[in-house]
Every structure is written in C-alpha cells, then in structure tokens.
Amino acid sequence: QVQLAESGGGLVQAGGSLRLSCAASGRTFGSYSMGWFRQAPGKEREFVAAISRSGGTSTYADSVKGRFTISRDNAKNTVYLQMNSLKPEDTAVYYCAARRSGFGLAWNSDEYNYWGQGTQVTVSS
C-alpha cells in the first residue's frame, strides 16, 4: 500500500520550467516503478514518463522527449518531473502513479496500482 501526493504545479509562461514532485508514504517506495500521466480538458489521460524502481532506466512519450526529465530519490520517497521548454499544449492536470510489479516500464495506465490526486499545470502563451 502506498499513498501519493503531487505538488509543484502552477502557472508558467511558454518556454519556462516547472518541477513537479510526488511524495509517497510508506517504506516500500523502492519496490515500485513510477509514472507520470496527464489529462487535459476533453482529452483522455495520456502517458508522460516512467522510471524504474532503482531509477536506472526511464522512458518518455514522444511529445515530451528532450524537454521533460523524470527522476526519483528513494531515500526521500519522492519522484520528480522536471519540465523545461513548456508549451501551451502541456497544460493539464498531472498525476503520478505507482506500479507494483511487471517486467519493464509501462505506458498503459491500467498497469499502475496507485494514483495521486493530481496537480494543475497551466502554460500561458
């Protein structure tokens, strides 16, 4: 069991940067791979990035590759999403999620077991 809480969202100008944090409860954070998803109004929830249990591997959606970086600090039970060169189309509620088991990294939200409540990111032009 793990509880997740996102923070760090806000309003930023296009081209700017934000860092999102996701704090996890419990002692088993290192047992989960972690992902970031986002959902804009009127759109389906979409995959953004994922990172392995140790932090040794990561993967990104094509739309954010080269601009976003996912990382984790298992000693702090926290996963991060550094977002650079933000675009208006990045505007969405961003969710972190934890995946209990499975081979490799998952892009499908159905593969994740626990979810945070989300944090709003708004990018103005």
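Considering only Ala75, Ala50, Ala14, the Gaussian network model of the chain with Cα springs below 10 Å gives its largest mean-square fluctuation to Ala75. In plain terms, the bigger the Kirkwood radius, the slower the diffusion; for the chain, with that radius from Cα pairs, at 25 °C and 0.890 mPa s, Stokes-Einstein puts D at 172 µm²/s. Straight-distance candidates among the lysines for linking to Lys65, with alpha-carbon spacing under 18 Å and chain neighbours fewer than 8 residues away dropped: Lys87.
Mean projected area of the convex hull spanned by the Cα atoms of segment 57-125, taken over all viewing directions: 5.5 nm². Kindly give the semi-axes, whole Å and largest first, of the ellipsoid equivalent to segment 1-51, taking each as the square root of 5 times a Cα gyration tensor eigenvalue. Whole-Å semi-axes of the equivalent ellipsoid: 24, 15, 10. Entry comment: accessible area of segment 1-81 is 51 Å² per residue, from protein heavy atoms only and a probe of 1.4 Å.
Per atom type, segment 1-124 shows carbon and sulfur on 45% of its accessible surface, probed at 1.4 Å.
The values are calculated or read from the model by the stated rules, or taken from the named source; none is laboratory data. All figures in this text were calculated on a predicted structure; none of them were measured in a lab. Just the protein is used for accessible areas: all its heavy atoms, side chains included, with ligands, DNA and RNA removed. Shrake-Rupley method; radii C 1.70, N 1.55, O 1.52, S 1.80 Å.
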